[in-house]
Structures are given as C-alpha cells and as structure tokens.
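Colleague: Okay, here's the structure, questions in a sec.
The values are calculated or read from the model by the stated rules, or taken from the named source; none is laboratory data. Bear in mind the structure is a predicted one, so any value in this text is a computation, not a measurement. Heads up, the Cβs are rebuilt from the backbone with ideal geometry, glycines too, and the neighbour counts pull from every protein chain shown.
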Amino acid sequence: MNANTDQHNAIATPLADEITQRLQALAPSYLELENESMRHAGYFEGKETHFKLTIVSEAFSGKRLVQRHQQVFALVNDLLAQGGGTIHAFSIHAYTLEEWAATGVSPASPNCSGQNKG
C-alpha cells in the first residue's frame with residue numbers, strides 16, 4: 001500500500017495522518033492522500049483544508065460510485081467542515097482493483113477559482 005500524504009517531513013500533518021489511519025478500515029490496496037491546500041487562497045505552511053484522495057479497495061466491489069463515497073465519508077465526516085471539522089474540500093477517487101488496473105491514475109484536480117499557486 002502506498003500511503004503518500006504528500007507533505008514535507010518537517011511539517012506536522014495531523015489531519016492527513018488521521019484520515020489515513022481511519023481509511024485503513026477499508027483495507028486499501030492503494031491509498032494516496034494529497035494535501036492540495038497550497039494551491040488555494042489563504043495558504044500558510046502546515047494548512048490542511050483541501051485534500052485529494054485516491055483509494056483502491058475490494059470494499060468497493062459491486063458498489064456504485066455514490067456508495068463508495070458514502071463509505072469514505074462515514075469514516076471522515078467529522079473532520080470535514082460540514083461535520084464540524086476544518087477540512088473545506090475533500091475530493092474522492094475510489095476504485096475497485098479492476099478499475100485501477102485499467103487506469104492506474106486519478107484525474108488531475110481543477111484549478112482553484114480563487115488564488116491558484118499550483
């Protein structure tokens with residue numbers, strides 16, 4: 001499993017670490033969590049408000065996309081702004097093993113409508 005949190009080693013990543021830990025409940029064969037906060041307005045070092053998740057799991061087999069997202073949200077909702085947390089944006093790309101074998105890459109994130117530094 002790849003548990004890439006895409007952070008500098010010196011910067012604390014408590015939210016990314018918590019998300020990654022919680023997602024282990026889905027037994028991912030691949031997990032990549034990218035902190036995209038630096039590409040958005042108001043960024044400061046260590047900010048964790050915008051994430052892109054790519055996750056591959058057998059737990060998604062036979063599930064529609066909305067059901068896969070519901071599985072992920074059930075694990076992290078309290079960390080999201082809508083659930084009382086501080087994460088403003090959480091993009092989910094959830095694949096079965098077969099889908100990932102066919103594509104092997106998640107789509108690029110769109111540019112921020114405010115200030116884009118990426």
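Colleague: Please work out which residue is surrounded by the most Cβ atoms within 10 Å (Cβ to Cβ), limiting yourself to segment 90-109 and to residues that are of a type outside the set (Ser, Thr, Tyr) and closer than 15 Å to Glu36 by Cβ.
Modeller: The extreme case among them is Phe90.
Colleague: While we're looking at this one, here's another question. Given the condition at pLDDT below 90 and either surrounded by fewer than 15 Cβ atoms within 10 Å (Cβ to Cβ) or farther than 23 Å from Tyr30 by Cα (or both), answer yes or no: does some residue in segment 62-74 qualify?
Modeller: The answer is no; no qualifying residue exists.
Colleague: Separate question: Starting from residues that are assigned to a strand (DSSP E or B) and of a type in the set (A, V, I, L, M, F, W, C), keep the ones in segment 90-118 and report whichever is modelled with the lowest pLDDT.
Modeller: Phe90
Colleague: Separate question: Looking at Ile87, is it aliphatic (A, V, I, L, M), under 20 Å from Thr13 (Cα atoms) and modelled with pLDDT of 95 or more? So that I can check it myself, show each step before the final result.
Modeller: Values: aliphatic (A, V, I, L, M): yes; under 20 Å from Thr13 (Cα atoms): yes; modelled with pLDDT of 95 or more: no.
So Ile87 does not fit the description; no.
Colleague: Look at segment 19-31 and say how many of its residues are surrounded by 15 or more Cβ atoms within 10 Å (Cβ to Cβ), free of Cβ contacts under 8 Å to residues at least 40 places away in the same chain and either part of a helix (DSSP H, G or I) or acidic (Asp, Glu) (or both).
Modeller: 1
Colleague: What are the residues in segment 33-61 that are modelled with pLDDT of 95 or more and either crowded, with 17+ Cβ neighbours inside 10 Å or closer than 19 Å to Glu18 by Cβ (or both), if any?
Modeller: Going through segment 33-61, the residues modelled with pLDDT of 95 or more turn out to be 53-61.
Leu53, Thr54, Ile55, Val56, Ser57, Ala59, Phe60, listed by residue number.
Colleague: Something else about it: If we keep just the residues of segment 75-89 that are in contact (Cβ under 8 Å) with a residue 12 or more places away in the chain and in a helix (DSSP H, G or I), which is surrounded by the most Cβ atoms within 10 Å (Cβ to Cβ)?
Modeller: Val76
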